[in-house]
Amino acid sequence: MQRVLEPEVMDTWEEAVDYDAMDFVEVNTAFAQRAIELGPLAAKVLDAGTGTARIPVLLCQMNPQWRVWGVDLAQNMLQIGYQHVEQTGLQNQIVLELIDAKQLPYETGHFEMVISNSLVHHLPNPLPFFQELKRVLQPNGAILIRDLIRPPDRATMNRLVESIGTQYNEHQKKLFRDSLQAALTLDEVNQLISQAGLQGVGVYQSSDRHWTAERGWILDCLQK
């Protein structure tokens with residue numbers, strides 16, 4: 001199935017509210033736990049495409065020694081994210097900024113870890129993002145990127161959409177279908193990581209609908 005692009009920025013209030021209302025607690029918690037496993041004990045972490053900041057909140061609740069910079073181009077998403085940060089009292093650990101992940105203002109090697117959940121499929125050309133990821137990350141920095149994987153055909157895509165059941169409304173199902181069509185294949189992800197010059201990154205299919213790219217901080221240090 002060919003890739004069909006969707007808008008890079010989801011920035012209507014309806015989209016932000018519908019997205020935030022979708023039940024991602026289980027997958028977000030698993031993502032946050034894996035990030036903690038891969039990263040150092042204390043770290044400056046960049047969350048690219050932070051959305052409504054659900055993952056930064058989980059991370060800082062799990063590890064008070066982490067500070068997380070969440071960046072996104074969707075103002076309405078960030079507005080909901082600010083509410084989550086304030087409600088959990090994590091203003092000293094989490095910074096949310098309206099920034100393009102393809103043009104980051106941070107210094108080279110600023111972060112010990114870069115994470116991203118469900119950003120890549122929004123990018124018409126994801127290569128500049130991967131190049132920026134490498135630039136702002138310390139040489140032995142940890143990486144955790146997860147996104148949807150493009151199904152091989154429409155029948156598979158429709159089965160995945162229907163599998164989310166009645167818990168989602170029609171607009172939420174459309175968002176999911178559009179995202180699946182805009183997602184990448186494993187081969188495309190591997191090619192992008194190679195072009196960006198990122199080394200030691202493992203790429204694998206992590207569920208029936210996700211791929212994951214990761215590199216651990218500790219393992220990289222041991223390999224020096």
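The values are calculated or read from the model by the stated rules, or taken from the named source; none is laboratory data. Predicted model, so just to flag it, every value in this text is computed and none were measured. Every residue, glycine among them, receives a Cβ derived from its backbone with ideal geometry; neighbour counts consider all protein chains shown. Just the protein is used for accessible areas: all its heavy atoms, side chains included, with ligands, DNA and RNA removed. Shrake-Rupley method; radii C 1.70, N 1.55, O 1.52, S 1.80 Å.
What the table shows:
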quantity: Met62/Trp13 FRET efficiency (R0 30 Å; Cβ-Cβ; nearest 0.05); calculated: 0.50
quantity: In order through region 124-134: 3J(HN,Hα) via Karplus (6.51 cos²θ - 1.76 cosθ + 1.60), integer Hz, x for Gly, Pro; calculated: x, 10, x, 4, x, 5, 5, 5, 5, 3, 5
quantity: Computed accessible area, Asp11, all protein chains, 1.4 angstrom probe, square angstrom; calculated: 60 Å²
quantity: Nitroxide proxy distance, nm - points 7 Å out along Cα→Cβ at Ser194 and Met1; calculated: 2.5 nm
quantity: Fraction of antiparallel bridges per DSSP, the chain only, in percent to nearest 5; calculated: 30 percent
quantity: Size of charge dipole - the chain - debye, nearest 20, with Cβ of Lys, Arg +1 and Asp, Glu -1, no other charges; calculated: 600 debye
quantity: Region 165-187-region 28-68 distance, computed between alpha-carbon centres (Å); calculated: 24 Å
quantity: Inter-probe distance in nm under a simple model that places probes 7 Å from Cα toward Cβ, at Val161 and Thr185; calculated: 2.1 nm
quantity: Phi-based couplings in Hz for region 97-104 (Karplus 6.51, -1.76, 1.60; Gly and Pro marked x); calculated: 9, 7, 9, 7, 5, 8, 9, 7
quantity: Residues whose placed amide H lies under 5 Å from that of Val201, excluding near-sequence neighbours; calculated: none
quantity: Length gained when the stretch Gln87-Asp153 is fully extended (0.36 nm per residue, less Cα-Cα span); calculated: 19.6 nm
quantity: Amide hydrogen neighbours beyond the local backbone of Leu96, cut-off 5 Å, H modeled; calculated: Gly70
quantity: Calculated log10 I(q)/I(0) by the Debye sum over Cα atoms at q = 0.10, 0.13, 0.17 Å⁻¹ (choose from [x] -0.61, -0.78, -1.05; [y] -0.48, -0.77, -1.19; [z] -0.42, -0.72, -1.29), label; calculated: [z]
